[in-house]
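The values are calculated or read from the model by the stated rules, or taken from the named source; none is laboratory data. These numbers come from a predicted model, not from an experiment. Note that each Cβ is placed from the backbone with ideal geometry, even for glycine, and that neighbours are counted across all protein chains shown. These accessible areas exclude ligands, DNA and RNA; they are computed on the full protein's heavy atoms, side chains included. Shrake-Rupley method; radii C 1.70, N 1.55, O 1.52, S 1.80 Å.
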Amino acid sequence: MHTTVHLLAEAPAQLLPARSLMAFTLASHIILVPLGVALPLITLIVHGYGLRRGDANALLLARRWSAVMAVQFAIGVVTGTVLSFEFGLLWPGLMGRWGDVFGIGFGVEAWAFFLEAVLIAIYLYGWRRLPSRTHFLLGLPLPAAALLGAFGILAANSWMNTPRGFRLDSAGNPVDVRIWKAIFTPMFGPQYWHFVVAMLVTAGYVVAGVYAVGWLRGRRDRYHRLGFTIPFTVAAVFTPVQFVLGDSIARQVFHEQPVKFAAMEIVWETDTHVPEYLFGRLHPDGSISGGIRIPQLDSVLAGFSPDTEVTGLTSVPASHRPTATQATIAHWTFDIMVGIGSLLALLALWYGLVWLRRRRLPASPWFYRCAAVSGVASVVAVECGWITTEVGRQPWIVYENMRVAEAVTSTRSTSLWIMFALVVVVYVFVFASFLAVLLKMRTRWRLADEADGDRFAEAPETDTPYGPRSAEPSADARRPGGDGTSLPGGGRG
């Protein structure tokens, strides 16, 4: 029987719906993660710039981005909580057997979550209510809280990739848990920093992309230039750093998870002088169709020499490695991630060369068209990175210690499919609400800006961020023809 069909036949009926549900909720949640991890830092950079230069446009950007940050955090609470419940509901075998070893990561993430919620509330409350310096200083712990949350999640995930900090007793249960070794596994450092920088790059391009669209539509005042320049500069600076970190984590996978590396590079037989395939499809008999073959490059990339031996998928039994289909998926997502990263590096280089030579932003509309789609491309790259990480580890949920099939719930598959359908409906509503709120905020801000070219006479969004609020106009002044400024259609921003 075909190997893939045979393995699927042996899998529990609950496995497919459980994995589908987990994949959907994780893929949905990760869309929000870049803004949750990196937007606080970008906001504080703009905030600090505004205070130092006395730039009201920068302060207005910081105030508005802090509102977006709060809305994003509220939606992230929903999607993150669902994921937390799914670990226990869908994978009781994992949590029941290994929770005492790697559960500390989830505990750290929970504490970071509550700390971040408090800090965001203080930061939002502080506009106009606290002295400017005090308000800024109270916001400084926000990025650290966001990084602490990422620390907890990445500690748990890196442990699943390279489990350490325990020994197994005669019954195969983990004992003598050493927390520090369970947290700081061989994959933790490369995986954590690769993830954090990916969040900075992605958030920078996402935020800058909004203002790139504004530039293309003719909005080229200082407010929009700052809104584009600061986040795009953050992303452009960290893009080459991400390349170095990406190479580091790939090399760590090569040493610590050789079979996973073989899946990412669709290497069938252990050998030297291994070629690199750009895309291509691996078949169950080990043959590869399609793609671009570059002789010896895989060995060179793995060990800086064509004589480097690369472990193949056939080095372990079929039941201990990803299927040909799973390997192809991991390979394609890995190549897409690297390809998008390469294009973003070229965009950052374009930006940097123009800035160094002419001390101004690029003027080409094509640059801003590319910048406008860079945010979406970055999110796709992040999604591909997680798919590579999780699919490449198959069939293990704890690498070489527990298979996914052993951890799955015993709940009927029909019930899981129903749960999946309900979650999809709820998530469509949640993300539609998120988008609607953001669009409503954008409309209000734009109307406020159009109503007052000074941009700071309208309360609350466009008032001076510090000091007493502007006096509210009387009811008569609000009417068209009164002393106040009426918006098109008779509304106020």
Kindly state, to the nearest 0.05, the FRET efficiency for residue 121 paired with residue 345, given R0 = 45 Å and r defined as their beta-carbon distance.
0.75
Order by protection proxy (mean Cβ within 10 Å, highest first), peptides 283-289, 403-409:
403-409, 283-289
With an 8 Å Cα cut-off and a minimum separation of 6 or more residues, compute the relative contact order for the stretch 234-353 in percent.
32 percent
Within 10 Å, count the other beta carbons around each residue, average over each peptide in 20-33, 121-134, and list them highest first.
20-33, 121-134
Let me have the relative contact order for the chain, percent, based on Cα pairs under 8 Å that are six or more residues apart.
18 percent
Leaving ligands and nucleic acids out of the surface, order 187, 337 by accessible area at 1.4 Å, largest first.
337, 187
Probe 1.4 Å, all protein chains in place: accessible area of residue 270 in Å², nearest 10?
60 Å²
Residues residue 67 and residue 269, FRET efficiency given R0 of 35 Å [Cβ-Cβ distance, rounded to 0.05]
0.05
Please work out the Cα center distance from the stretch 127-186 to the stretch 321-342, rounded to the nearest Å.
28 Å
If you rank 357, 220 by how much accessible surface each has, with a 1.4 Å probe, what is the order from largest down?
357, 220
Got a number for carbon plus sulfur as a percent of the chain's accessible area, 1.4 Å probe?
65 percent
Counting sequence-distant residues (5 or more places) and residues on other chains, those with an amide H built under 5 Å from that of residue 14 are none
Using θ = phi - 60° and the Karplus curve 6.51 cos²θ - 1.76 cosθ + 1.60, what whole-Hz ³J(HN,Hα) does each residue of the stretch 401-409 get, with Gly and Pro shown as x?
10, 8, 7, 4, 5, 7, 9, 5, 5
For the chain, whose charge dipole is built from +1 on Lys and Arg Cβ atoms and -1 on Asp and Glu Cβ atoms, the candidate among 370, 50, 245 with its Cα farthest towards the positive end is 50
Would you mind working out the accessible area per residue for the chain, using a 1.4 Å probe, and quoting it in Å²?
47 Å²
Can you tell me the 0 to 90 degree angle between the C-alpha axis of helix 324-358 and the longest principal axis of the chain, rounded to 10?
40 degrees
